[in-house]
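Taken together, the values in this text are just the output of simple stated rules run on the coordinates, not laboratory data. Computed from a predicted model, the values in this text were never measured in an experiment. As a convention, Cβ positions derive from the backbone with ideal geometry for all residues, glycine included, and neighbour counts pool all protein chains shown.
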Amino acid sequence: MVYLSIVIPCRNEETSLPILCKELEKVLIKNLKGNWEIILIDDASTDDTYKIMKQYEKNKLFRIIHFDKRKGQTGAFRAAFDVAKGEYIIRMDGDLQDDPKDIPKFLKKLKQGFEVVVGLRECRKHSRILRLASGIFDLAAILLLNSPLHSNSGSFVAFKAEFVKDIPFRKNGHRYLPLIAMRRGAKNIGEIFVTHNERVGGKSKYPKFKKIILGVPEVLFFLIRYKLGSYDIKNK
């Protein structure tokens, strides 16, 4: 087991991926020496994303997962969490909106004993309608699930690995990982402010209006499964 696994799903991120990997290596070598791994997941990209990933295969600190058919971020996280060796896992996006320079902030919290650490995005680079939708979801999480978090759906989040292993994921279940981890027993929950950059190349995989229209029933079904204990850790 290593100390930290960083999990990054990618689809058509040929522009950002070389920059991201270089920045991650720089930060991790300085802060954790060799006690880390980066898991890159190619979600059936149609550009050179997978070709770029393969350049890192000879580096023992990088692990590559490739899908021939799209499985979405949820499928990517499921596959990566199954093989992650880290005591802790950080999930982040591959478009450079999540900044590697913020990783030491997560490490500081984890070393203080926090089991979930959520990155609160400063000056969020999303449309007003998406920010409003996120705010409504966060209010629902506070009122219905007693969430202690200001943001329950951020992309840059750290977990103690035991709380995200063997999750019975449904489509887009990755969006609710902090809440699922708390349902599974995570008690020491923290937040940090993180930079939210403009996207580098590519485009969003989630059209905003489709995300909002389909998001309402999706959230309702998630809340039902949550309340019924579908995400609880099962005794083996």
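What value in Å³ per residue do you get for the convex hull of the alpha-carbon atoms in the chain?
Convex hull of Cα atoms, per residue: 122 Å³.
For the residue pair residue 192 and residue 230, what label-to-label distance in nm results when each label sits 7 Å from Cα along the Cα-to-beta-carbon direction?
3.3 nm
Of the listed peptides 29-35, 187-193, 103-109, 43-49, what is their order by residue-averaged count of other C-beta atoms within 10 Å, with the highest listed first?
Order by mean packing, descending: 103-109, 43-49, 187-193, 29-35.
In nanometres, what is the gap between the two model label sites at residue 138 and residue 47, each 7 Å from Cα along Cα-to-Cβ?
It works out to 3.0 nm between the two label points.
Using the structure shown, list the pairs from 51/85; 85/160; 33/60 with a Cα-Cα distance above 21 Å, or answer none.
As for pairs spanning more than 21 Å Cα to Cα, those are 51/85.
Find how many whole Å separate the alpha carbon centroid of the stretch 47-69 from the alpha carbon centroid of the stretch 1-30.
11 Å
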